[in-house]
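Heads up: the structure comes next, in structure tokens.
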Amino acid sequence: MKLLFQLIKKELRLMFRDKIAVVVQLILPVVTLALTDQALNTDLRQVKVAAVVPVQTESATNYLKPLLYNELFSFQGIISSVEEGMTMLRKSRIHALVVLDGDFDRNMAVGNCDGVPSVQIITDNSNTVVGNAATYYITSALDQSSGDYISMQAMFNPGFRSIYHYGISIFALALVLMITHRAAISMVGERTRHSIDNVIMSSVSTKMLMLSKLLTYLIFYSLDAVICFLAVRYILNVPFNGSLLLFAIITEMLIITSLFLGFFISLCSATESNASGTTVSVVCLLLMFFSGFIFPADSMPLWAQLIGDAFYTKWYIDAAHKVYLQGTGIDYIVKNLLFMSMSTVTFMLMCFYKLNKERWLR
């Protein structure tokens, strides 16, 4: 035990030798999350909409009321023609144009019998995110059933804030990138600085060395995870609805798995630059693209979904959304825990195999 504490003390000295790097690692996730709220926010704060009403009647006015009194919309008024509305669209003065048919009152009273729509929504889909969001908001507000406006309820995200998804995903990927990179340069750094020679001459075993590094980084990045969690909760204002203990467990599993992945990259690399390049390639390209962060997993082809299933980040992000936002229990994430555990054991065995194969230690 005394030897283990000495190794941990050595790792802490190495880690805090560059104090600026330590501060950056603690603060960078918070800055990244704060910028995410601004840069990756795909929400429409307000949908700017105008309406073309050929015959202004009481029923037409009542039909458009949700656009006037709902804070999601900024109603730009009733205009005289579709051509004027198209000009406003091209000048980006509005996001959408609602056009009522000349026989709107009759169609509303007796039903649309001729197959011609009574209401048309025209959006600028040169930006599909804006166009689709505007169409969705307006359609949800204007749809009617039995003369009453439909009340729509969005579970777990009533404000339609995209940051609910991006915030938790960035929380995970920022941790994975930093942890994997730090672990990736740890063992290869020992070799390039020849400090591993002193360890070989001591009574330290392979398990002891890996355990000391694992415990040191686990403590440090657990603190980093707490800081990230507070940033998501209080800077991004994403409400936490689940079990704090369960969320902590899956996050610790993420940290441990990322550490073993980084250690394996380090053991397979000749220099620190090679380890850094591999980390960026693996984490940024593979884990990010196939984790469902950028592209929804359900929209990917089958082969891409199968690749994504092999990455533990996909299972963590899915579990984190369920626990953090939906407030689900462990029975809803058993599959996620199983795949994450398999990844942890796989990377751990790969690390020990590599260490024993090269006979660094006993």
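The values are calculated or read from the model by the stated rules, or taken from the named source; none is laboratory data. What you see is a predicted model, and the numbers here were worked out from it, not measured in a lab. Backbone-built Cβ (ideal geometry, glycine too); neighbour counts: all protein chains shown. Protein only, heavy atoms only, side chains kept; ligands, DNA and RNA dropped before computing areas. Shrake-Rupley method; radii C 1.70, N 1.55, O 1.52, S 1.80 Å.
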Could you order 5, 263 so the one with the most accessible surface comes first? Probe is 1.4 Å.
-> 5, 263
Heavy-atom accessible area of residue 2 with all protein chains present, probe 1.4 Å, nearest 10 Å²?
-> 150
Packing-based ranking, highest mean first, of 312-323, 218-229, 161-172 given that Cβ atoms within 10 Å are counted | 312-323, 161-172, 218-229
Hey, which of these cross-link pairs are over 28 Å Cα-Cα: 9/322; 19/322; 65/91?
-> 9/322; 19/322
For residue 101, solvent-accessible area (1.4 Å; no DNA, RNA or ligand), Å² = 50
Set of lysines with alpha-carbon distance to residue 354 below 21 Å, sequence-local pairs under 8 removed | 207, 213
Solvent exposure ordering (accessible area, 1.4 Å, most first) of 300, 348, 1 | 1, 348, 300
Hey, what do the phi angles of the range 219-233 turn into as Karplus ³J(HN,Hα) couplings, whole Hz, using 6.51/-1.76/1.60 and θ = phi - 60°, x for Gly and Pro?
-> 5, 5, 7, 5, 4, 4, 5, 4, 4, 4, 4, 5, 5, 5, 6
Counting only residues 5 or more places away or on other chains, whose amide H sits under 5 Å from the amide H of residue 76 once H atoms are built in the peptide plane?
-> 49, 50
Out of every Cα-Cα pair in the range 247-362, what percent are more than 26 Å apart?
-> 26
Counting only the heavy atoms of the protein chains, how much of residue 271 is accessible to a 1.4 Å probe, in Å² to the nearest 10?
-> 50
Under-5 Å amide H pairs with residue 310, H placed in peptide plane, nonlocal only | none
